[in-house]
1. Only one residue in Pro237, Pro277 is assigned by TED's automatic domain parsing to the domain that holds Val187 and either over 20 Å from Arg97 (Cα atoms) or touching a residue at least 12 places away in the same chain (Cβ under 8 Å) (or both). Which one?
2. Output the strands (runs of 3 or more DSSP E) that fall wholly within the range 186-267 and possess 3 or more residues being in contact with a Cys (Cβ under 9 Å, 6 or more places away or on another chain) and buried (at least 20 other Cβ atoms within 10 Å of the Cβ), or say none.
3. Failed condition for Thr279, given (1) out of contact with any Asp or Glu (no Cβ under 8 Å at 6 or more places or on another chain); (2) modelled with pLDDT under 95; (3) surrounded by 22 or more Cβ atoms within 10 Å (Cβ to Cβ), with all others met?
4. Hey, does the range 308-331 have a residue that's under 20 Å from Asp276 (Cβ atoms) and not in a helix (DSSP H, G or I)?
5. Does at least one position in the range 58-73 carry a residue that is over 25 Å from Glu312 (Cα atoms), touching a strand residue (DSSP E or B) at 6+ places or on another chain (Cβ under 8 Å) and among the aliphatic types (A, V, I, L, M)?
6. When only residues in the range 166-185 that are in contact with a Leu (Cβ under 6 Å, 6 or more places away or on another chain) and surrounded by fewer than 18 Cβ atoms within 10 Å (Cβ to Cβ) count, which is farthest from Ala266 (Cα to Cα)?
7. From Val339, Val309, which residue is at pLDDT 90 or above, among the hydrophobic types (A, V, I, L, M, F, W, C) and touching a Leu at 6+ places or on another chain (Cβ under 9 Å)?
8. Would you please name the residue that is farthest from Cys22 (Cα to Cα), looking only at residues in the range 107-137 that are of a type in the set (Lys, Arg) and touching a Ser or Thr at 6+ places or on another chain (Cβ under 7 Å)?
Amino acid sequence: MATVTRVREIAVVGGGPSGAICAERLARAGWQVTVLDERLAWEKPCGGGLTYKAIERYPFLLDGPEPKKLIRDVVLMASSGQRVRFTLDRPIVIYSRRVLNGLLLERARCAGAQLVQARVCQVDTSGPRVVLRMAREGHAAGSRTADFVVLATGARNTLLPETTPLQPTDLEQTLGYYIPVVSDTLVVKFLPRFEGYLWSFPRPDHLSVGICGKLTQTTTAVMKRHLHDFLEEQGLPRQGQFYSHVLPSPVARTLRTRRVVGRNWALVGDAAAWVDPLTGEGLHYAMRSGELLAEALLAGAPESYPQRVRAEFSADLEFATRIARRFYRGRFLGGAVTVRMIQFLQRSPAFRQLMRDLFAGTQNYRSLKRRLWAQLGITFAEIAVSLFRPPGEAAEVRAE
């Protein structure tokens, strides 16, 4: 692919975190940037959680006045019914997605980007300039041109024929409710041999309670039944707004080989499938991918974008695909991996610290196995000692 050296006018299709961050960085450098989105800031059916690694890179997400929730209290539940409550040493920051998207878009606007509420229905990258055709309520609404287009249009992007659409095996379904209940505890429950989990994420004025799972493993009806059982178990009403959405959950081959950049286009965020296949975390990778693409464009080398992403995080995400299935479906010492994990959390301070680092995003997957084996003896010794006292004797953890 030839290097683009004269790119100055950028169209960003999609106003989520990846598109907004990319637009902000380019606009601050003096480039002409237009963000086009049908809804601009809107609510999205996911937790909206930002780990410590995201907050460390983007401290304005913690320091600003926008409503947010800082969560330190976590409950993990096994399919067996065992559960453990423990405290994070670095909080997870949870936003409503409408608030988060609005915040990032406003930063892009203040940097000089133009925000246009419009639905892009076709992108033509075959000519010397990109042509974007727009529609409004089923009718043509004109077109725009640009030197380069950034597609931040989500997992089911179909605007470009030059890249392979994500397949069902690369996707997961989420469904849930926004429930008008206030809480300070993040709850995650695992199901037997199910690649996904149930969650209750506290937002400033409501809970986002839902379930996510691989698109190909079960039906919506089964997932909804699991969700309703979880709501009843948690004592939560089934009265909030219902939502359903499809998100990336890529396999290793997709992360390794899928084309994400061309002569005058690139994919960022969910459109590029930059999502943790084990946890479903996507916000950090969305924002960072937008920033890395902006850096590649500013350097006059958009073709370097995949290498920049791989050096920073996609190689780690690819490694995570190899352990995700074993984590959710595997067995260890005669029991389900998720059950053993919760038992270890109940009785081993060393294992709890490892889990805190995973929640914070400071423990990557490529070195996780080495760390697990290195501290296995300590973990088993702590478990053995704990057998002589009630689980959760320490104030930092409590078995329930």
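The values are calculated or read from the model by the stated rules, or taken from the named source; none is laboratory data. Bear in mind that the values here come from a model prediction, so they are computed numbers and not experimental data. Methodologically, a virtual Cβ is constructed for each residue, glycine included, from the backbone with ideal geometry; neighbour enumeration extends over all protein chains shown.
1. Numbers: Pro277 fails: assigned by TED's automatic domain parsing to the domain that holds Val187.
Checking each option against the conditions leaves just Pro237.
2. Details: elements: 196-202, 207-214, 241-248, 265-267.
By residue number, 196-202, 207-214.
3. It fails just one condition, (3).
4. First pass over the range 308-331, keeping only residues under 20 Å from Asp276 (Cβ atoms): 308-330.
Okay, now just the ones that are also not in a helix (DSSP H, G or I), so 330.
The answer is yes, given that some residue of the range 308-331 is under 20 Å from Asp276 (Cβ atoms) and not in a helix (DSSP H, G or I).
5. For the range 58-73, residues over 25 Å from Glu312 (Cα atoms), touching a strand residue (DSSP E or B) at 6+ places or on another chain (Cβ under 8 Å) and among the aliphatic types (A, V, I, L, M): present.
6. Val181
7. Val309
8. Within the range 107-137, the match that is farthest from Cys22 (Cα to Cα) is Arg133.
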